[in-house]
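Notes to accompany the following structure.
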Amino acid sequence: MDNKIAAVLQKLRISHGYRQQEISKMLCDMGIKTANTQVSRWENGYNNPSIEQFIGLCKIYSIGDVYSVFLGGDLSAPSCGLDSRGKEKLRDYEELLLASGLYSPSLEQDNVIPISSRLAPLYDIGASAGTGQFLDSDSYEMVQVPDEVPESATFGLRVCGDSMEPALYDGEEIWVRMQSHIEDGEIGVFWLDGDAYVKEYHVRGNGVFLRSRNLAYEPIPLSSYSDVKIYGKVVYPQR
C-alpha cells in the first residue's frame, strides 16, 4: 500500500477524534464487514481497504474530492476537521470574501487550465496470465488512469506470467471494463475454480476454452461443471 495514503488515513482519523475500533464499528454499522485489526493494518501500510471499505471511509470522513485528499490534498486545510455545519459556515465566509472583490483570483490564476484526473483501482497480484492467482480485493492501489485508457475501463491489473504474449506482457498494466459477458475472440479476466486468469475466450465446435496467445500453454477447457465467472473485458491495450 502507498505509505502516503496510509498516513492520510491515520491523520484523517486522528483529526476527527476517532479510535481505530470506532472506525471499524462504523463501517460494520454500514453493513461493511471490517475487523478491528484491519484499520491498524491500513494505517501502517500493510494492505488496502477494499473498494467498499474505502467508500465507507470517505463517507465517515466526509471526503468529496478523493484525488486532492489522498494524492495532493492538504490535511491542514481549515475545512478538514469541521462537521457539516462548520463547512457550511466556511462556505458562507468564502462567499463574503469573494463578494468583497479583495480576494478574487488573479488573471494569471484564471488562465490556468485545470488538469482532469480519473482514479481507479489497480490490482498488483489480482490476475495471472500464467498459472492463475486469485483476485484479492485487498491487493490494490488507487491510481490515476492514463489518458489513453478508454473511459469504459473500471479497474486495472498487472499481468503475471507470459502466457498471453505477444498480446499482453508479464508485468504490464492492463485495463478492464467490468461486465458479465464476453464474445468469442475477446480477451477477458475470468475466475475459474478459485483462480483468476487473463485469457482469450475461445468458442469452437468441440467446446469452449480459455486460450493463451503463447502457444507453449495448452487451452483450458470449460464445461457445464466448471465454476467460472467473467470479471470483464480487457479494453486496453489491444494488440
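The values are calculated or read from the model by the stated rules, or taken from the named source; none is laboratory data. This is a predicted model, so every value here is computed, not measured. When we count neighbours, we look across all protein chains shown, and the Cβ atoms used for this are built from the backbone with ideal geometry, even at glycine.
Only residues that are closer than 15 Å to Ile174 by Cβ and assigned to a loop (DSSP other than H, G, I, E, B) were counted across the stretch 139-158, and they come to 8.
Within the stretch 80-88, the presence of a residue that is closer than 23 Å to Tyr123 by Cα, touching a helix residue (DSSP H, G or I) at 6+ places or on another chain (Cβ under 7 Å), of a type in the set (A, V, I, L, M, F, W, C) and at pLDDT below 80 is excluded. Of all residue pairs spaced 6 or more apart or on separate chains, those with beta-carbon atoms under 7 Å, a first member in the stretch 143-163 that is of a type in the set (Ser, Thr, Tyr) and a second member that is crowded, with 21+ Cβ neighbours inside 10 Å are Thr154/Val176; Thr154/Gly232; Ser163/Ala129; Ser163/Ser212. Answer yes or no: is there a residue in the stretch 230-238 that is in a loop (DSSP other than H, G, I, E, B), of a type in the set (A, V, I, L, M, F, W, C), out of contact with any Ser or Thr (no Cβ under 7 Å at 6 or more places or on another chain) and surrounded by 15 or more Cβ atoms within 10 Å (Cβ to Cβ). No, the stretch 230-238 contains no residue that is in a loop (DSSP other than H, G, I, E, B), of a type in the set (A, V, I, L, M, F, W, C), out of contact with any Ser or Thr (no Cβ under 7 Å at 6 or more places or on another chain) and surrounded by 15 or more Cβ atoms within 10 Å (Cβ to Cβ). Residue count for the stretch 184-229, restricted to those that are modelled with pLDDT under 90 and among the aliphatic types (A, V, I, L, M): 3.
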